[in-house]
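Student: Mind looking over this structure? Questions follow.
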Amino acid sequence: MTTPAITDLTISPAKNWCIVLSLVLVMITAQRFQHMRFAYGVAERAHATEGQVRDPGIAALHIGVFAKRYSSPEIRMRVVTPTGEPVADAIVVATWSITGYFNAAPLGQLDIRETVTDKNGEFRIPAWGPLPVSTGTIMGDEPHIRIFHPHFLPRVLTNSEGVPMKLAENTIEFRLQDQAITLYPFHGTPSQFSMAMEVLDHSLEFVFSDPVKPEYGRCYVEKMPRMLIAIQRVKDELEREGVGENLHSLGAYAKAALPQCGDPKLLFQGYIK
């Protein structure tokens, strides 16, 4: 009687690697969805910021099927000179950017806040959230906080000391909470000041580059009018001195606003000719 052939059940090294990779992908997918919550419908984002009420068109955020919710506690800092004197009337703009999971493509701003420092150099950015993000994520270097006063070099602060290597937590706490931030008086040529201002201006280019996504909107100009007006004033001064600069004009920012966001000229009355 012929003995039946025994099937060789040995798994080759190549098959082993395929199994391992498959298990890793399953674990990554499970971890990703562990942080997501099922949601649907419309989430209200209506809240006021120092007298600024969110546009109704932006207040509603369409969720989709899966969403991760983010929130931020109140951010408090003090802006000072190198000798510790308070810097009053410095303009502060904070943004929380949404980027793609795999390609880091810009998807919009989850929130934008603008304020100014008081006579003690202090500023507070009110707490917000939770707000849902159904597409994309928030990186660990968010938020970005810009501080500008015309007598000092501008500063752009991030929530990471280097390149962000992780995603933001659901509750985004700023690493410089309650600390003193130093602004340095400018000592140099107008051309050098122009280059410093370009760093600040370019940090706001999301106004032009962010895609128009209905779930995030793009009514950015109305949320930071003081900063944009300040940049225009510096641009005007540099032009009067005959200094070459690459700063965006107030008109360019206004043109980037969407029709449903309202007329930006109402915010900049008496400035746009």
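The values are calculated or read from the model by the stated rules, or taken from the named source; none is laboratory data. If you're wondering where the values come from, they're calculated on a predicted model, not measured in any experiment. When we count neighbours, we look across all protein chains shown, and the Cβ atoms used for this are built from the backbone with ideal geometry, even at glycine.
Student: If you scan the stretch 99-120, which residues turn out to be outside any strand (DSSP E or B), surrounded by fewer than 22 Cβ atoms within 10 Å (Cβ to Cβ) and out of contact with any helix residue (DSSP H, G or I) (no Cβ under 9 Å at 6 or more places or on another chain)? Please lay out each step first, then the result.
Tutor: Residues of the stretch 99-120 that are outside any strand (DSSP E or B), as a first pass: 100-105, 117-120.
Adding the requirement that they be surrounded by fewer than 22 Cβ atoms within 10 Å (Cβ to Cβ) leaves 100-105, 118-120.
Result: Gly100, Phe102, Asn103, Ala104, Ala105, Asp118, Lys119, Asn120.
Student: I'd like the full set of residues that are over 13 Å from the mean Cα position of the chain (by Cα), basic (Lys, Arg) and under 19 Å from Met224 (Cβ atoms), limited to the stretch 132-172.
Tutor: Within the stretch 132-172, just Arg155 meets the criteria.
Student: Taking Arg124 and the conditions (1) touching a residue at least 60 places away in the same chain (Cβ under 8 Å); (2) closer than 27 Å to Thr182 by Cβ; (3) of a type in the set (D, E, K, R); (4) surrounded by fewer than 20 Cβ atoms within 10 Å (Cβ to Cβ), which numbered condition does it fall short on, given that it satisfies the others?
Tutor: It fails just one condition, (1).
Student: For the condition under 21 Å from Lys223 (Cα atoms) and in contact (Cβ under 8 Å) with a residue 12 or more places away in the chain, what is the one hit in Gly140, Gly108, Gly136, Gly100?
Tutor: On the way: Gly140 fails: under 21 Å from Lys223 (Cα atoms); Gly136 fails: under 21 Å from Lys223 (Cα atoms); Gly100 fails: under 21 Å from Lys223 (Cα atoms).
Selected residue: Gly108, the only one of Gly140, Gly108, Gly136, Gly100 that is under 21 Å from Lys223 (Cα atoms) and in contact (Cβ under 8 Å) with a residue 12 or more places away in the chain.
Student: Among the numbered criteria (1) farther than 24 Å from Met227 by Cα; (2) part of a strand (DSSP E or B), which one does Phe123 miss?
Tutor: For Phe123, the failing item is (1).
Student: Tell me which residues, restricted to the stretch 55-96, are at pLDDT 95 or above, surrounded by fewer than 21 Cβ atoms within 10 Å (Cβ to Cβ) and within 19 Å of Pro225 (Cα to Cα).
Tutor: Ala88, Asp89
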